[in-house]
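The values are calculated or read from the model by the stated rules, or taken from the named source; none is laboratory data. Note that the structure is predicted; figures quoted are calculated from it, not measured. Glycine gets a Cβ as well: all are built from the backbone with ideal geometry, and neighbour counts include every protein chain shown.
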Amino acid sequence: MSRPAVLPLLGTALSLGAGLAIAWVDTRPGWDDTGVTAGLLAIAAAAGALARVPPWLAAALAAGPLLIAELPRGTGVLLAIPVALVGAYVGELVRRRTLGRDSQPHR
């Protein structure tokens, strides 16, 4: 497999793995730091987008586990969606600015 084909797979695994870890930590008793959780979601989604994962997918992979874990407890977790989307699209913008137009993901 060529390097350009492997990078999105690694980015997908990174975003999903980080999303699972964030959800696990966020569901621990005593964890009450929403700002850290939001920042990590944005970073996880941005990292996926930097690795050529489509931004909407990187955001879904990063925020999805948290939504699944926390949605039964209340709807406040829905704010994770725009946080992850902003992070992912910032990652996409950084990738395009630093690597040029030819770095767009193959769709």
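Tabulated data
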read-out	value
Single unsatisfied condition, residue 52 versus (1) among the charged types (D, E, K, R); (2) assigned to a helix (DSSP H, G or I); (3) surrounded by 13 or more Cβ atoms within 10 Å (Cβ to Cβ)	(2)
Qualifying residue in segment 57-64 (condition: more than 21 Å from residue 96 (Cβ to Cβ) and at pLDDT 95 or above)	yes
Residue under evaluation residue 27, criteria (1) farther than 25 Å from residue 100 by Cα; (2) at pLDDT 95 or above; (3) surrounded by fewer than 21 Cβ atoms within 10 Å (Cβ to Cβ), criterion not met	(2)
Where a residue in segment 25-37 is within 14 Å of residue 70 (Cβ to Cβ) and in a loop (DSSP other than H, G, I, E, B) and its partner, wherever it lies, is at pLDDT 90 or above and among the aliphatic types (A, V, I, L, M), with Cβ under 8 Å and at least six apart	27/69; 31/25
Yes/no for residue 85 being touching an Asp or Glu at 6+ places or on another chain (Cβ under 7 Å), crowded, with 16+ Cβ neighbours inside 10 Å and either farther than 14 Å from residue 15 by Cα or not acidic (Asp, Glu) (or both)	no
Test: residue 6 is of a type in the set (Val, Ile, Thr) and either at positive phi or out of contact with any helix residue (DSSP H, G or I) (no Cβ under 9 Å at 6 or more places or on another chain) (or both)	yes
Selected residue (criterion: nearest to residue 87 (Cα to Cα)) from residues of segment 55-68 that are hydrophobic (A, V, I, L, M, F, W, C) and surrounded by fewer than 21 Cβ atoms within 10 Å (Cβ to Cβ)	56
